[in-house]
Every structure is written in structure tokens, then in C-alpha cells.
Amino acid sequence: MRDAIEKLRLERRLAILLLLAWLALAAVARVVGFAVISRDAEPFPAARVEVAE
Amino acid sequence: MNWRRSVPGDAEFLLVALAALWPWEAYGFLLFIPGLHVTLIGFAAFGVIALWAYALVARWRLQLPFELAWPTLALLALIWAAAALGKLHSPFLATGCVLLFVAAARFGRAEGLVERALWTSCLSGGAVAGATLWALISGMLPVAPWVRLGVPGVDARELAGSGLGFVLCLAMAIHFAFSGVASRTKRVAAAISGALILAALVGVVANGLGRSFGYIPPRYFSLDGLSLATLLSALWIFARVAAKAEVQRRESPRPIYVLFLAMAGLAAFGLAWLPAAPRLSHGLLMGLVCAGVVPGKRRAAEVSRRPGAEIAAVGLVAGLSILNLAHVFPANERHPWNYESAARRDFPAARYRALEQRMDVFERRWPNETRTHYWRAKAALARGLPHRAAREFARALRSGDDNRTLFPSPSDPETNDFVTRLRDCCSAAPEPKRLFAFERALVARGNTDSALAVLEHQTTADAASSRTRFDATPLADAAAFLLGDMALSERLAAWPAPKVLALLENWGATVTPAPQSFPAEAAPFVVVAQLLPDQVELFAGAANGSRSTQTWERPERDYGATAWNGGGWTLAPAEYGETPRIELRIAADTDGRCVAELRIAPDGALDFRRVATPIGPTPDTPAILVLLP
């Protein structure tokens, strides 16, 4: 019983750590993503469209 | 129904089937079930959730650890609260994800079921990768996920979803190939599958990165309170399942726990960067991982006792794929050939340029398609271009030949509605007489008598021209050409000549006496030029019986347009030497340069020559020149 409670506590601590780590990663991704990857949202280029036949 | 013998076995079979189907989400349009308006993936997920609901009602046990049960219930409540406040667009999909997680976590707790499901996903991912590689190499439209609805680029969300799916399948392939848990045959199969997945992943990403659109980094930190609470609830469940995997790994270092952690880490990393929309597969995989890490006794799996059902499932998948490749159902919105559903979205949003470019793609692939012209006609009418609308409407009503088309021609109610709107548009114009779009649409629909009656009622010859006498045949031919049916020429030629002339004058014709050097027997002489986004149409007719029509394709289409009465393009006689000429000039387009010229040979033969290619916006009205004797 005590082992089970200890395991649940360990799980909870790990889950909190993982959640915080992910939030930190998302914050970095937010800044870097906008700076590096962000592109024009226009799906149709100005030139004539091409399609695979 | 005997609960113990039937429901868990059915649910396990459906879970393994879902594990085989989820890597095909990018090709979900192939698994569309007509009539039910869902894909086979959605249908199987619904089946698992229904069995879970039945089990819940029958036994009143959630069979989910408390530390996961309460955030799950909270997440469901938050999803529907956000949906009620209009902050969540797809509450049913989100609910389906959550319920599939719960159902997979419950039914996945059979001995060896999770490993079997992940092995199936690994092989299925390899098959998807093979199909994708083939699509990349052959360039076939129906199986390339990044060519969607004629859009020549990659929707960043689609790319992210497909990429994440490939990455997860690759992790599974590496696990089965190198962890030593599988037989030699399985290891080889997993290695081949992994190589295919890696190649497809590189191919898709390399092809997609330069052509992706709509990428917006996830805005997790600018969400409102309710949406943020929903996100955190989902993340908490995710983190808790990952933490369980880590605790289990510390207790007994089995390779499957490493796979679970790798999958969780890859998904978490991907979702932090990429704008992936929720998918049923997210709920399924998290449920399977949860089933694999929740401690406790496992019951014996029953799924292997259903060989007949497996054959039936493979047959169903093959049958649906063939059906959806052979026929495009309008409700199958994700089908890359379903321009109808795309147009239904583009049209109300006034994305006419996108609509026209999309139709270009489909008309190049299916030249006999007529319904694309119906949508072009509607777009032109909405932009206030009645002549172009009537022209496209006529194309939409042309009888298709025996070759296959994707969608049928417009129905009678649709054509009636269009003609009514066109009539209203013409009536509301500042100079309704100048427009013959409504009459042209009537002719296209076969109401020739009505069209001629309307024209006859509108046209009155003035007294001055009534005194002159000339042959009306070339003028009638020109009017018939403009109305889109040369068979009308005979009936128009039966009108008094001044009335036919007045008709062309109403339509903006420039009427001028033929110059001295012009062959006397050729007058009256008519030249007509119509400029369309994709074509230039020319007509010339002389009193001596010479006729010439030409249609030139415009290599660069331009969907811009000047106003309905936009001028700037003219037909005018040029220096009369030995060979009389008439030049077509488009001032707004080629800086007044001559675009085309008509030469009249000494024997009366007419010869159109292309001088320059018209580019730029297209005027909606034709240019008409009449040279009278």
C-alpha cells in the first residue's frame, strides 16, 4: 500500500516536471517558430499553378 | 449478449483494426463511407466507443485509474463549455479523441494486445510510406497528401499531422527491429518498414517545406482562460501517462516502456512546434500507451479468434478505396478531387481568384468537366462580369462526351437560379441594352425564341440608318457569334438590316463608313473580338461571303477584370495599302500596342494574325467594328 502511494507521488512529481518542461519548450517554439518558420499564409502563388498529372 | 465472450473481443478486434487504419489518416478520403458521411477510421472509433459505453452501462465501472479519471471528466466538461462559448470548432472530434483514449485504455488491457496493435501500426505505417513514396515518384494526384483540393502546396497542419504520424511509426519500427522482443522475420519486416517510413518522411518534409502555407506557430500562450484550462487538462493527462511509463520503466526495464516514452517525447516535441489539429489517432495511441503502463492483472486477449473478420475488414478497406477512387462523393470533403466542396467554401468567402485557379487545375486534368464552368460563371456574376458569366454558363451547359467527369452538369434548379440572377444583374446595370449576357444564357439553355423576342423588343432602328440599304448577313453572323450559336444567323438575317445594325450598336459596336481603299464588295464588314481569361475569340465577316473565326489560348491566364463597360480596347482600320488591315489594340494591357490584326487579301480571304499575347486584366465587353458601304 505504502509502495503504491509512493509510486503515485513519484508519478505526480514527474508529471509536473514534464508539464513544466513542455511549457518551456512551447515558449521557445513560440518565439523561434515565428522568427524562423513563419511564412505567408497565401495558398495560391501569384504564378500559374502547377499540378502533377 | 454474453458480455464476457463478446464485447471485449469485438473491442480488441476494433482496436487492432484502428491501429492498422490510423496511419492512413492522410488518405482518409479513400476510406470514406458513402451515406454515413464518415471515414472507416471514424466508424471504427465510433464502434470502440459504443462498446465502451455498453460496457460502462452494463458494469458501471470506468476501469480508469482515479488520477486519470478526474482530469478526463474535467477535460470533457471543459471541451463542451468551450464549444458552448464558441471557442472550440470541433467539439465532437475532441470528445471522440477523449472517449477513444478512455476506451483504448480499458480494452487495451489484454495480454499482448498493445504490442500487437503497435506492431500492426508499424506495418501499416510502412505501407503508407510505400504509397507516399510511390506518389512522390509518380506524381499521382490521388495519393499525394500534400496536393489537396487542387491547392498546389502543403497545408502546414496536414504536413505536421502526416510528419508526426510517420515519426511515431518510425519509433515503433526501430523498437521492433532492434529491441530483441520480436522474431527474426518480424525484425526484418520492421527494418524494411522503418526504412520506407524514413524515406517517405524525408521526401514529404523536403517536398513540403518549400511549399507549405498557413504555418502559424501554436498560440498556446495567448489562449483565453477556458481554452488554456482545456489545454492544460489534456496536457496533464498526457504528462501523467508519460510519468506512469517512466515509473514502470524504472521498476522493470522492458523495451516497450522505452518505446512509450519515446512516443510521448516525440509527440510532445512535435506538438510544441507544429500546428497539428486533434486527430482520433492521438486519443487511440495515448489510450494504448495508458493500457500498457497501468499496472494490474491482464486478461487473455480474444482478438486472435477472428480470422473471418480480418478478411472481411481487408475486403472492406479495398472496396472503399476502389469506390472512392472511381467516384467522388460530394460529401467526401477531404477528397483531393472534390472541387465542389472547395468551391462551396470559396464562393461565400469571395475567394474568386482561388476558385478560378482551382478550377484551372481540374480542367487541365479533366478537360470535359463542365461543372467547373458553372462555378466560374457564378464567380464572374458575383464579381459583376455578366458577359464572362454567360460565356462560362454556356460552357457549363455544353453536352459532355462519353468521357468520365467528376461531377454532373448543373441541375435545372441551379441553371434557373443562375439565369434569374443574371437577368437581375443585367437589369440593374447602368445601360442594360449594352448587355447581351442574359440573352446569351437563354440561348445556351435552349430558349432561343425567348432570347430573340427579348432582343427584338429592345432594339429599334433609328430613322437615319433605316434609309440606307445594305446586306445584313455579316452583321447577323456577328450577332449570332456573340450569342454563342451560329445557327441563329439565319433568323437574325431575316430582320430588317437597320435593326440588326442597331442591335450591334446597342452592344457597343463602332459603326463607321468603309474607307475609300477598302474593297467595295466586302462592305458591310464586321469584326468582333472577345477577350477571356483563357482565350481570345475573333470573328470577321464580309458581305462577299468571306467568314473567319479564330480562337487563341492565352498562355498566362489572368482573372482580373475591368468593369463591365470597361473600354481601353479597340478595333480600328489601319493604313490601307495593297492589303487592308484591321488592328486590335488593348490600351490598358499592352500600352496600346497592336495585339492582333486581320488582313483582307485581294481575293477577299480573311486572315487573322497574332501579333502579341494579351496579358493582364480582361474587359468584360467585346469589341465590335462595323464598316458600312
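Conditions tested, residue by residue: (1) within 16 Å of the chain's Cα centre (by Cα); (2) at the interface with another protein chain (Cβ under 8 Å from one of its Cβ atoms); (3) modelled with pLDDT of 90 or more.
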site	(1), (2), (3)
A:3	no, no, no
A:6	no, no, no
A:10	no, yes, yes
A:20	yes, no, yes
A:27	yes, yes, no
A:33	yes, yes, no
A:37	yes, yes, no
Inspect all residues belonging to the range B:233-240 and state whether any of them is more than 23 Å from residue B:19 (Cα to Cα) and modelled with pLDDT of 90 or more.
yes
State the number of residues belonging to the range B:429-455 that are modelled with pLDDT of 85 or more and surrounded by fewer than 17 Cβ atoms within 10 Å (Cβ to Cβ).
6
Looking only at residues that are in a helix (DSSP H, G or I) and of a type in the set (A, V, I, L, M) in the range B:407-428, which one is surrounded by the most Cβ atoms within 10 Å (Cβ to Cβ)?
B:422
Out of everything in the range B:343-362 that is away from chain A (no Cβ under 11 Å) and part of a helix (DSSP H, G or I), what residue ends up being surrounded by the most Cβ atoms within 10 Å (Cβ to Cβ)?
B:343
Scanning the range B:294-304 for residues that are of a type outside the set (A, V, I, L, M, F, W, C) and closer than 13 Å to residue B:14 by Cα, the one modelled with the lowest pLDDT turns out to be B:304
Condition test on residue B:17, is it under 24 Å from residue B:308 (Cβ atoms) and buried (at least 20 other Cβ atoms within 10 Å of the Cβ)?
yes
Would it be correct to say that residue B:393 is under 20 Å from residue B:443 (Cα atoms) and either of a type outside the set (Phe, Trp, Tyr) or not in a loop (DSSP other than H, G, I, E, B) (or both)?
yes
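The values are calculated or read from the model by the stated rules, or taken from the named source; none is laboratory data. Please read these numbers as outputs of a predicted model, since none were measured by experiment. Note that each Cβ is placed from the backbone with ideal geometry, even for glycine, and that neighbours are counted across all protein chains shown.
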